[in-house]
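Asks: I'd like to ask some things about the structure below.
Read-outs throughout are calculated quantities, based only on the coordinates presented, and are distinct from any laboratory measurement. Not measured: the values here are computed from a predicted model. Cβ placement follows ideal geometry from the backbone for every residue including glycine, while neighbour counts extend to all protein chains displayed.
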């Protein structure tokens, strides 16, 4: 039997079962119900769970709920003050006498909520007029449509690598004409801080004192685009036009059918099954032709120039003057060939003559060593193939450049460690 109340809460509450809670709430026999939200993401949880209480008690006007949370969540007072019969107090505050105690996350169980009966009386939160008046001049001065953006959640969340998005990846979105993007991101990772310096958006995060400020900004925006974080629940509770960016396997609250029962007007965007993944990073290796060992492994952001630019960097750091460098047709560019020669390296690059003129001419191709390099250069596919299949890099489980780079370099080292004993045995 599941007990919701306990005797150590400082009030005069009594222990009840889940069925008893639902029964008594429905019959309005309660004067005060003490609800606490000491779990997971308290702010999002309070916003998300408040509706269960609000709608679940509509048949019993007069019931009063005391919502108690951690001290740093007392900022929810202004947001929830507009809900009938709800009082928010800090964890350290003295409790009034109460009839029942129920953790906020257990309210759906207490009300026997099912998917078909999820309450969705939107909006059930409202931004205060004072906060709206304070932010309105700032937001209305922005040209075009105003879109509020939140791209990252709590970095300590167990699924943060799948929930959050690096700001650099949103650059194509920020270039949409006729739109003013407003960042409501309060906490920034270092990479996002760097990207923010050149991003085409207005960053309001440091100016948002609490969630009441955030609510006012969202209320003044034409659209809210956010990852799965508290901003999504806040915008949904406010009834704002909302797009939520979700991972392939989202949190259970978002379902898998593309619709939210709590926020029916929200649009949910989730990577579909069988859809292509977006290229984020590129792995580069430099091998020596005699033994096929990896000399260096690097990881960079994916771009149209990273392949050749990184190869030249590795040539500069590792290849001595007079050495030859074998490479495939993708490297047959005037800039790459000139870069190799500037470092004293002879570019044995496969010629690309498809409707174009190759940067490699007879000065290079006439030497016997060029033909040998055309054969040897294909050996680079051996470590790449091993790293993808055996090493697990065909689809990395890691997120963020530091982790992916660490895994890529470690896998390259593992390839060498497995190959060296074979070379020694054959010597």
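Asks: Tell me the label-point distance for the pair residue 338, residue 154, using the 7 Å Cα-to-Cβ offset, in nm and rounded to one decimal.
Replies: 5.4 nm
Asks: Semi-axes, largest first, in whole Å: what does sqrt of 5 times each Cα gyration tensor eigenvalue give for the stretch 295-344?
Replies: 17, 14, 9
Asks: Then there is this: How high is the relative contact order of the stretch 129-270? Use alpha-carbon pairs under 8 Å, at least six apart in sequence, and give a whole percent.
Replies: Averaging sequence separation for qualifying contacts and normalising by length gives 25 percent for the stretch 129-270.
Asks: Within the P(r) computed for the stretch 260-370, what percentage of the Cα pairs occupies the region above 25 Å?
Replies: More than 25 Å apart: 38 percent of the Cα pairs in the stretch 260-370.
Asks: Oh, and also: Given the alpha-carbon gyration tensor of the stretch 129-270, what are the semi-axes of its equivalent ellipsoid in whole angstrom, ordered largest first, with each equal to the square root of 5 times an eigenvalue?
Replies: Numbers: eigenvalues 99, 69, 42 Å².
So the three semi-axes of the stretch 129-270 are 22, 19, 15 Å.
Asks: Using the basic label-point model (7 angstrom from Cα toward the beta carbon), what is the residue 256 to residue 309 distance in nanometres?
Replies: Each label point is offset 7 Å from its Cα along the Cβ direction, giving 4.1 nm.
Asks: Let me ask something else. If each residue of separation counts as 0.36 nm, what is the full-extension length gain between residue 290 and residue 378 once their alpha-carbon separation is subtracted?
Replies: Separation in residues times 0.36 nm, less the Cα-Cα distance, equals 30.4 nm.
Asks: Turning to a different aspect of this structure: Under a point spin-label approximation (7 Å from Cα along Cα-to-Cβ), what is the residue 176-residue 395 distance to one decimal in nm?
Replies: 2.9 nm
Asks: Shifting gears a bit: Using only the C-alpha atoms of the stretch 312-427, find the volume of their convex hull and express it per residue in Å³.
Replies: In the stretch 312-427, the Cα convex hull volume per residue is 155 Å³.
Asks: Got a sec? Which residues in the stretch 201-244 would a label at residue 141 touch, if it sits 7 Å along Cα→Cβ and we count backbone N under 15 Å?
Replies: 202-204, 207
Asks: Between residue 317 and residue 187, how high is the FRET efficiency from 1/(1 + (r/R0)^6) when r is the Cβ-Cβ distance and R₀ = 25 Å? Nearest 0.05. The partial results should precede the final answer.
Replies: Values: r = 36 Å, r/R0 = 1.45.
Calculated value: 0.10.
Asks: If I take R0 = 60 Å and measure r between the Cβ atoms of residue 282 and residue 114 in this structure, what FRET efficiency does the formula 1/(1 + (r/R0)^6) give, to the nearest 0.05?
Replies: Given R0 = 60 Å and the Cβ-Cβ separation, E is 0.80.
Asks: Need one number: % antiparallel among DSSP beta bridges in the stretch 265-403, to the nearest 5.
Replies: 65 percent
Asks: Let me ask something else about it. Give the residues of the stretch 305-344 whose amide nitrogen is closer than 17 Å to a point set 7 Å from the Cα of residue 355 in the direction of its Cβ.
Replies: Under cut-off, by backbone N: 330.
Asks: How high is the FRET efficiency from residue 207 to residue 425, r the C-beta distance, R0 60 Å, rounded to 0.05?
Replies: 0.35
Asks: Pulled fully out, how much extra length does the chain show between residue 222 and residue 126, if you take 0.36 nm times their separation in residues and subtract their Cα-Cα distance?
Replies: Numbers: separation 96, 0.36 × 96 = 34.56 nm, distance 1.57 nm.
Result: 33.0 nm gained on full extension.
Asks: Given the Cα atoms of the stretch 207-250, and with Rh set as the inverse mean 1/r over their pairs in the Kirkwood sense, what is Rg to Rh to two decimals?
Replies: Computed over Cα atoms, the ratio is 0.99.
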